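Reviewing the structure listed below.
The values are calculated or read from the model by the stated rules, or taken from the named source; none is laboratory data. This one's a predicted model, so the numbers in the text were calculated from it and none came from an experiment. Every residue, glycine among them, receives a Cβ derived from its backbone with ideal geometry; neighbour counts consider all protein chains shown.
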Amino acid sequence: MSGGWAGRLLRVDLTTRRIVTEPTDRYLAYVGGTGIAARIYLDEVDPGTGPFDPANLLILMTGPLAGTPSPTSGRATFYGKSPVGHPDPVCRPSSIGGSLGAELKYAGFDGVIIGGASLTPVYLWVQDGAAELRDAADLWGLDTFETQRTLLRRHDRRAAVASIGPSGENLGRLAAIVHGTGFASGLSGFGAVMGSKKLKALGVRGTGAVDVADPARLLAAVRRGTEQVYRADDPPRMTGSRGSGRAYGGAEEFVARYSVGVLACHACPVACQGVFRVPGSPLGADSCAWPHALGVAEFPRGVEGWKAVWDVNTLVNRLGLSSYEVTEGYAFVVRLRDAGLIDEQSSGLPLRGDPRELVKALAHQIAHRRGLGDCLAEGLPRAAEQIGGAARHLVSSRGWPILLPSDDARTNGTMALLPTVGAFVPYNDGWSLWGYYGGSIHLPLSDRRETLAAAEIARVTERVLGDARALDASTLGGKAEAVRRAQSYRMLADSIGFCTWVLPLDCGYYAGDLAGDEEVLAELYSAVTGVETDQGGLLRLGERIATLQRLQGIRQGYHSREKDLSALDAKVFGEPHSESPFPGGVVDLAGLGAELERYYELCGWDARTGVPLASTLHRLGMDDVADRLPA
Amino acid sequence: MYTAPEGHEPSHRGSTIGDDPNCGGSGSSLIRGRASAPDGAARAIDLPASGFLIADSTRCADCRVCEMVCSLVHEGRVIPSLARLTVERDAFIDDHANVRVCRQCLGPECLLACPRGAISAHAATGARVVDADLCDGCGACVKACHFGMIHVAPHPRLAFKCDLCDGEPHCVAHCPQQVLSYRRRRPR
């Protein structure tokens, strides 16, 4: 007996309001999530389609393990042409946690393919094998919390609802899709795609089953996987944002005062979200994303600062913004102010007042496209172009947020290749690959770094990432294989529906061997689906999907060797950095180019162009897409 | 100490419930004085479950692993709507989920209400269990339970409830947040 997939996809045309179902089987070579969504998109959508064209598809896809107790399998993926990419929009996945994916499986569907555009606001309601589009005139303009509460009351309190806020309605290019109080598809601007289709929300309720090929084997594998990330005598370090507090410091008092619980995505033992009840803010839960607002240097320190951060975070979630958009936007506005490029009158912002009020005013401005927020809602690179002049030099070229000083390519050889590669396989940024690449062994290793011998670190790094130099920040060497492997993992995780933050912990945090139990994922996969495989087999699936994504990016004009190299901010080649381990304090362009070629070769792509070779498609069992290669 | 009676098939023929003074705890007062309760009830009271589940909802992270594992064990597939325990959380109101489990009552109203005697105490654990051969899915037990912990499945129409997994509840074993525990009753 086989299990995992529900076997049916829901297809919704918002223009004609026609809803049909179709079988999933013909896409199974691409697993689920990102893989199946990318395959459907490649088949059906012209590569030149714009993100806000009705012909753009927004695909919500689960993986075969969604809805089962496999640890961290609760994530689903949105996929489509994202409005974020600059200058060329490109197809990207953006995953979402909570119970949306699992609920969809229990309702009998592996995914929802949404095309066309409605003239008037609508929402999609899916319940136990049936689906309908309903009028959303009364919901348009509401924030994401109000929208969800209305639909939960109206339909079923146990449903999972994902909604856009004012930002998505107003086509803010970074608008998020928000589910619950803190689960979101946040970095690909799919909230704006929903807004362009006049789709305010989608809700799902299912009471059905997900079949499992071998229940006893699955139960054993679930135990085995959970033991990697959880130990009774040592509560998981990430549970309830405690990890975030530790990372950013000073949160202990805030957590002690206002924390009321922890929250997990479906089937996740880690529970990275903390639930907080802070006076003056609505009840909310969120994970490690929210303390990034502490990047707002002008906020007060201590509990008052954390309260302000929480307040901003809740507001961002309600308005359906991306938290990075607001914190990066704030930093940009401060730079504009200090450079004398904007004033209070032209921007409509309290530039010299309390920074907390400025951040909140900015969030409202972006969401409602008022004042300076109208151009900031286009994303920083486009905003900088609109403002013109010196503003252009205040953002990085492709507009992905530069998160932390330690991620500067000039000081960190790993981060030199990651943003470039993060753009190869169109992902949010290098950071998201870091989720596997660095996160996988970063957490287990960094907690124990002081007690571990260098040889042990090298051994673990080599086993997990294929090259002992993979985490050595002082060199560009040894990154190609690691990046290739990390990308296969990442694709696999997004296609099965695993959390890319926790998945690597499945292979290591509490394992006897820090390099982890690398067969546990294959064991879960085989037990649920009945398809016998091992880690190598799964990584080949990941490689297949990564190659498919690469092909998609090339067809959409986003990828070429030159564009890959340009993903790095020009300044990392020109302006020296005082803490750089590299000669001259800059990234060596020739050295990066050489490592890039090595990476192309390892992937089976043309070393000069970066286009997948026909022989590679054949080797990976992808002859079905060979006709999509550029002539 | 309790000794198991011969034969476990509950019968409808009533006899007076023994009001065993040792049989304290929830529900016993509900039973006392009821003139014509079935033998099964007497046995259930005589045979308190050897243990019961306790849920500390304040620890719950709403991951639903318990519901999934429970249904996987009992139904052979993952179908939380047929889980023997329930987890509910309104993200906009509740600090934490509310986890509800069967108490394996000393005076089980479900058992008393069943017109076919399909609910009895499990020989080994004393868990109040449904005999699928006797149950006709009438739903009298659902109405009787004060705690909403017994339900009727649609296909086939059969009542289902927590059976304590023969004394080793899978939900307890799999809960990552240590919400659930299996408390053993002290032997009398």
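Of the residues making up the range A:185-214, just one is in a strand (DSSP E or B) and surrounded by fewer than 24 Cβ atoms within 10 Å (Cβ to Cβ), namely A:Arg205. The residue of the range A:253-262 that is surrounded by the most Cβ atoms within 10 Å (Cβ to Cβ), among those that are at pLDDT below 85 and touching a helix residue (DSSP H, G or I) at 6+ places or on another chain (Cβ under 6 Å), is A:Phe254. So which residues in the range B:83-99 are out of contact with any strand residue (DSSP E or B) (no Cβ under 6 Å at 6 or more places or on another chain) and aliphatic (A, V, I, L, M)? Within the range B:83-99, B:Ala83, B:Leu85, B:Ala91, B:Ile93 meet the criteria. Of all residues in the range A:468-497, those that are charged (D, E, K, R) and free of Cβ contacts under 8 Å to residues at least 60 places away in the same chain total 3. B:Arg59 satisfies every condition listed in (1) among the basic types (Lys, Arg); (2) under 25 Å from B:Pro154 (Cβ atoms); (3) modelled with pLDDT under 95 except (2). Inside the range A:575-631, can you point out the residues that are touching an Asp or Glu at 6+ places or on another chain (Cβ under 9 Å) and over 23 Å from A:Arg550 (Cα atoms)? Answer for the range A:575-631, where residues must be touching an Asp or Glu at 6+ places or on another chain (Cβ under 9 Å) and over 23 Å from A:Arg550 (Cα atoms): A:His577, A:Glu579, A:Ser580, A:Phe582, A:Gly585, A:Val586.
Among the residues making up the range A:269-282, a single one is facing chain B (nearest Cβ under 7 Å) and modelled with pLDDT of 90 or more: A:Arg277.
If we scan the range A:107-129, do we find a residue that is charged (D, E, K, R), surrounded by fewer than 24 Cβ atoms within 10 Å (Cβ to Cβ) and farther than 21 Å from A:Pro23 by Cα? No.
Condition check ((1) more than 14 Å from every other protein chain (Cβ to nearest Cβ); (2) modelled with pLDDT under 85; (3) under 19 Å from A:Ala176 (Cβ atoms)) across all residues:
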site: A:Asp286; (1), (2), (3): no, yes, yes
site: A:Gly295; (1), (2), (3): yes, yes, yes
site: A:Glu298; (1), (2), (3): yes, yes, no
site: A:Val312; (1), (2), (3): yes, no, yes
site: A:Val316; (1), (2), (3): yes, no, yes
site: A:Leu319; (1), (2), (3): yes, no, yes
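Might you let me know whether the range A:11-28 holds any residue that is within 14 Å of chain B (Cβ to nearest Cβ) and more than 24 Å from A:Met194 (Cα to Cα)? For the range A:11-28, residues within 14 Å of chain B (Cβ to nearest Cβ) and more than 24 Å from A:Met194 (Cα to Cα): absent. Counting the residues of the range B:115-124 that are buried (at least 22 other Cβ atoms within 10 Å of the Cβ) and in contact with a Gly (Cβ under 8 Å, 6 or more places away or on another chain) gives 3.
In the range A:343-373, the residue that is surrounded by the most Cβ atoms within 10 Å (Cβ to Cβ) out of those that are part of a loop (DSSP other than H, G, I, E, B) and in contact (Cβ under 8 Å) with a residue 24 or more places away in the chain is A:Leu372. Out of all the residues in the range B:163-180, is one or more under 24 Å from A:His266 (Cα atoms), modelled with pLDDT of 95 or more and assigned to a strand (DSSP E or B)? Yes, that holds for at least one residue. Each residue in the range B:171-188 was checked for being within 17 Å of the chain's Cα centre (by Cα), within 14 Å of chain A (Cβ to nearest Cβ) and crowded, with 17+ Cβ neighbours inside 10 Å, and 3 of them qualify. Put simply, of A:Pro71, A:Pro83, A:Pro87, A:Pro47 the only residue that is more than 14 Å from every other protein chain (Cβ to nearest Cβ) and out of contact with any Lys or Arg (no Cβ under 8 Å at 6 or more places or on another chain) is A:Pro87. Note on the range A:22-124: enclosed strands (runs of 3 or more DSSP E) holding 1 or more residues that are over 19 Å from the mean Cα position of the chain (by Cα) are A:111-115. The residues in the range A:130-176 that are buried (at least 22 other Cβ atoms within 10 Å of the Cβ), part of a helix (DSSP H, G or I), among the polar types (S, T, N, Q) and within 14 Å of another protein chain (Cβ to nearest Cβ) can be counted, and the count is 3. Residues in the range A:379-390 that are over 9 Å from A:Leu174 (Cβ atoms) and part of a loop (DSSP other than H, G, I, E, B): 1 in all.
Every residue, every condition in (1) part of a helix (DSSP H, G or I); (2) of a type in the set (Val, Ile, Thr); (3) out of contact with any strand residue (DSSP E or B) (no Cβ under 7 Å at 6 or more places or on another chain), yes or no:
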{"site": "A:Glu518", "(1), (2), (3)": "no, no, yes"}
{"site": "A:Glu543", "(1), (2), (3)": "yes, no, yes"}
{"site": "A:Gln549", "(1), (2), (3)": "yes, no, yes"}
{"site": "A:Ile554", "(1), (2), (3)": "yes, yes, yes"}
{"site": "A:Gly557", "(1), (2), (3)": "no, no, yes"}
{"site": "A:Ser615", "(1), (2), (3)": "yes, no, yes"}
{"site": "A:Gly621", "(1), (2), (3)": "no, no, yes"}
{"site": "A:Asp627", "(1), (2), (3)": "yes, no, yes"}
{"site": "A:Ala631", "(1), (2), (3)": "no, no, yes"}
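With the condition kept exactly as written, say whether any residue in the range A:58-80 is buried (at least 24 other Cβ atoms within 10 Å of the Cβ) and of a type in the set (Phe, Trp, Tyr). For the range A:58-80, residues buried (at least 24 other Cβ atoms within 10 Å of the Cβ) and of a type in the set (Phe, Trp, Tyr): present. Of all residues in the range A:29-44, those being surrounded by fewer than 19 Cβ atoms within 10 Å (Cβ to Cβ) and either within 25 Å of A:Ser118 (Cα to Cα) or within 14 Å of another protein chain (Cβ to nearest Cβ) (or both) number 2.
Candidates in the range B:50-108 are the residues that are of a type in the set (Lys, Arg) and surrounded by fewer than 23 Cβ atoms within 10 Å (Cβ to Cβ); of these, the one that is nearest to the other protein chains (Cβ to nearest Cβ) is B:Arg77. Only residues that are more than 26 Å from A:Thr327 (Cα to Cα) and among the acidic types (Asp, Glu) were counted in the range A:118-175, giving 5.
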